[in-house]
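Comments concern the structure below.
Bear in mind these aren't lab numbers, they're just calculated from the coordinates by the rules spelled out. No experiment lies behind these values; they were computed from the predicted model shown. Note that each Cβ is placed from the backbone with ideal geometry, even for glycine, and that neighbours are counted across all protein chains shown.
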Amino acid sequence: MRNRTMKALIALEVLNLSVLLCNEEFIHKLNKDWRDEDTPTDVLSMSQNIPELELQILMLGDIVILVEPATRHVEERRCSSLDEINILLGTREDHCLTK
């Protein structure tokens, strides 16, 4: 496993990251199927990064966000929905990069 620095990331022409906003039923099923955790979660991340392939495109992976808590956090923090999504994405980008 190799860590990529920001400089190395900027040198890449293309980054691929999938973001899905979903309901509790959907993320509960994903969490059960992929992590064998029979409970919903706020955010899931699944890395597709395989550094050994040396691709010109960085395949970060998928981030799945449960909408309800994100909406509640927007109200509590008095921030925009986009700000909250950026916060949630920031907590998972490292996971996608290091797997």
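Structure above, values below:
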{"read-out": "Pairs where the first residue, in region 45-66, is free of Cβ contacts under 8 Å to residues at least 60 places away in the same chain and of a type in the set (Asp, Glu) and the second is surrounded by 13 or more Cβ atoms within 10 Å (Cβ to Cβ) and outside any strand (DSSP E or B), C-beta under 9 Å, 6+ apart", "value": "Asp62/Gln48; Asp62/Cys96"}
{"read-out": "Selection count where residues are in contact with a Pro (Cβ under 8 Å, 6 or more places away or on another chain) and farther than 23 Å from Asn86 by Cβ, scope region 26-60", "value": "1"}
{"read-out": "Scope region 14-44; condition farther than 14 Å from Leu88 by Cα and either of a type in the set (Phe, Trp, Tyr) or touching a residue at least 60 places away in the same chain (Cβ under 8 Å) (or both); matching residues", "value": "Phe26, Trp34"}
